[in-house]
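The next block holds one structure in the form of structure tokens; read it before the comments.
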Amino acid sequence: MKHFVKIIGLLLACTQVTGVAQNSTTLTPEARGLAIAREASHRNEGYGDTTADLTMDLISVDGRTRQRVLSWQILESDNPEDGDKALTIFHEPRDIAGTGFLSHTHISREDDQWLYLPSLKRVKRIASANKSSAFVGSEFAYEDLLSDEVEKFSYRWIRDEPCGNWQCFVVERVPVYDNSGYSREIVWIEQSDYRIYKTDFYDLKDKLEKTLYFEDYHQYLDRFWRAHVLRMENVQTGKKTVLTFKPYLFQTGLTEQAFSPDALKRIR
Amino acid sequence: MLYRSARCAYCGAVLIVIANQCLAQQQDWAGYIAFEPRIFFEEPKYDQHPHNGLSPSAVVSPEFRYEWHEGSDRITIIPFYRYDADDENRTHWDLREANWQHFRGPWTWLLGVGKVFWGVTESRHLVDIINQTDLVEDIDEEQKLGQPMINLEHWSEGGTLSLFLLPGFRERTFPANNARLRGPLPISNHDAVYDSGAGDQHLDIALRWTKSVTNWDIGLSGFYGNGREPRLVPTLVASGSVFLVPHYDVISQLGVDIQYTQEAWLWKLEAIGRSGQGDDFGAFAGGVEYTFYGIRGTNVDIGLLAEYLYDARDDAAPATSLDDDVFVGARFTLNDADDTNILVGAIVDPADGETIAFVEAQRRMGERWTLEFELRLLTNISEDGRLYGFEKDSYMTLRTSWYF
């Protein structure tokens, strides 16, 4: 869910293009990178909560596709010590229908994660050290899908360059949380609304492993940009995973309670 | 048993009628059909048992859900039917769920037949007490019968409090006289004896509080009513043969379950104190699970599990083989598109070496099929051990399921 939120975070955006990130040529590359990340995060503040239905297509090297259908609910944190809370519910394949994955991200301590197994009615706290594990056999790792807080990375601005039809900041970020499967990520962020264009992920041997493309952006509530297609391509294996979103819903009144472990039992 | 099934059928039918009267807006059909032959590796220990090693069986379990008021009301109906070629008791049906749930702010209300799980450990579920074990399904005691209940749950920042009123006791299911996994003596399935004068109509009560704080997940629970575990008492019946008759005692039980999660470590503890079956006694199950993620640069995770089981009950309580045992296991999760995973484990009694070893493996085939393999091996069984009657009953199951 990270990218989702991350993305969202980064992407979100509003009308004012501002100062610090773009104009200050006197800043060090590190300070400038951080300023860009903060601005992108700032532009996502205030979304409250959001819900989306999506399909996840796992595409093998020979083009065979396996589809999952899921929904995401995300609650924005109002506590500076905490990141966002996110709930993933699976609808297909049918044998895992009703399975829930709940994450509470935190700034200064490890994240909390729970799994709900509907056939056993069992809520299970799972280890948060699974950051680099593949999420349900996809090319997304858990860390790619968790809430993307600014403090979880260190940053360095590299350069500005055109990206597609946009002009982008190119920022390197290095995970500072434990158990990441990446040595670094390079993020292309367009300069007007701070939407992510794409992200390159480098494995622990510092070889390019995956590229995530953000496509089909839509703006919600006149402020928040969301990509409706996320395309993750593993350049080492040739496998791909494509997330395709239906329209997002915002501020539907989700509460803290809906993101408590006990609420997982309400799924089914 | 029959009576109860009939009653469940009746309330299920009523719920279906109610459900169909509602406008079909948010209704969902799901479920599965499974074919699952069991293969016993050895000739049976007792002559009455079937001698064919291959024992076919099939399951169908549809699921119906209907939601209204934007999801704040829900009816769930999940019947379950198994046909077993060799065990007439394993051929059975049950309502796993048939209930109405209502969600209103911090309150959750459930009325009807439901299913509840409490606990954290893997090898034994001491604290879990609401639902009766459907023992004919699997000797691992993880399959449960639906339990009639009124459940009121309240969520707050201070934790979740859940109250259960449990009318209508469910008796544990046991293999038929002429079936495998029965043990040395036949078990009477129709003549259960109750400690309580109210018998299976005793109103059982349970209360549970749960809370997650930082790395801790904590549950406290209390139960008063018909214990789910029967004593099996050898009884001479009119025909002159000896049967084991299930005796259900009224018990009080306090339980605590705690999990501490840090990095790749899960620390788990369950403990109970129980009175009403011989001297008051305590029991606990505790251990660790540690997971290595992404073995050798692959997507494969390997989790190692170890738990210690202790139970201080005396001979006046229902017998358990898990009085002083060690569980070790390994879980292989491939994290592939087919969700392949394998669990290998063994529960060993250090005193006499009695071992129940098992393998559980599963993967998806295509979008709607799953394939599961289960192996249960009873080895090192000693003549005076509690598992002696089962020493020839090691088996494997190959289950093919189709989900709709």
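Points to keep in mind about this one:
- Gyration tensor over the Cα atoms of region A:65-140: the corresponding equivalent ellipsoid has semi-axes (square roots of 5 times the eigenvalues, largest first) of 23, 14, 13 Å.
- Cut-off under 5 Å, modelled amide H: who pairs with A:Cys163 long-range: A:Cys168
- Mean separation of Cα contacts under 8 Å, 6 or more apart, over the residue count of chain B: relative contact order %: 12
- Applying both filters, DSSP loop and at most 10 other Cβ atoms within 10 Å, to the trypsin sites (Lys or Arg not before Pro) of region A:55-104 gives A:Arg64.
- Residue list for region B:283-297, given a label point 7 angstrom along the Cα-to-Cβ vector of B:Ser252 and an amide N cut-off under 18 Å: B:283
- Total lysine pairs whose alpha carbons fall under 16 Å of each other in region A:143-268 (8 or more apart, or interchain): 4
- Label sites at B:Ala351 and B:His190, each approximated as a point 7 angstrom past Cα along Cα to Cβ, lie 3.8 nm apart.
- Relative intensity of chain A on a log10 scale, I(q)/I(0) at q = 0.08, 0.13 Å⁻¹, equals -0.30, -0.82, per a Debye sum over C-alpha point scatterers of equal strength in the absence of solvent.
- Cα centroid of region A:135-169 to Cα centroid of region B:124-183, whole Å: 47
- Of the trypsin sites (Lys or Arg not before Pro) in region B:336-368, the ones in a loop by DSSP (not H, G, I, E or B) with at most 16 other beta carbons within 10 Å are B:Arg368.
- Within 10 Å of each Cβ in B:259-268, the average number of Cβ atoms from other chains: 4
- Neighbour-limited loop hits for GluC sites (Glu not before Pro), region B:107-210 (at most 11 other Cβ within 10 Å; DSSP other than H, G, I, E, B): B:Glu157
- Other protein chain C-beta atoms within 10 Å of residue C-beta, averaged over A:127-138: 6.
- Note on B:394-404: average number of Cβ atoms from other chains within 10 Å of each residue's Cβ is 1.
- The peptide list B:62-72, B:76-86, put in order of mean Cβ contacts within 10 Å with the highest first, becomes B:76-86, B:62-72.
- Per-residue ³J(HN,Hα) for region B:245-256, Karplus 6.51 cos²θ - 1.76 cosθ + 1.60, θ = phi - 60°, Hz, x for Gly and Pro: 9, x, 10, 9, 9, 7, 10, 10, 9, 10, x, 9
- When the Cα positions of B:Pro50, B:Ile75, B:Leu304 are compared along the charge dipole of region B:24-403, B:Ile75 comes out farthest toward the positive end, with charges on each C-beta of Lys, Arg, Asp and Glu.
- Three-way shape label, chain B, alpha-carbon gyration tensor, a/c 1.5: rounded
- The value of relative contact order for region A:2-266, using C-alpha pairs under 8 Å at least six residues apart, is 23 percent.
FYI, it's all coordinate maths here, none of it is from the lab. Every value quoted in this text rests on a predicted model; they were computed, and no experiment measured them. We place every Cβ from the backbone using ideal geometry, glycine too, and count neighbours over all the protein chains shown.
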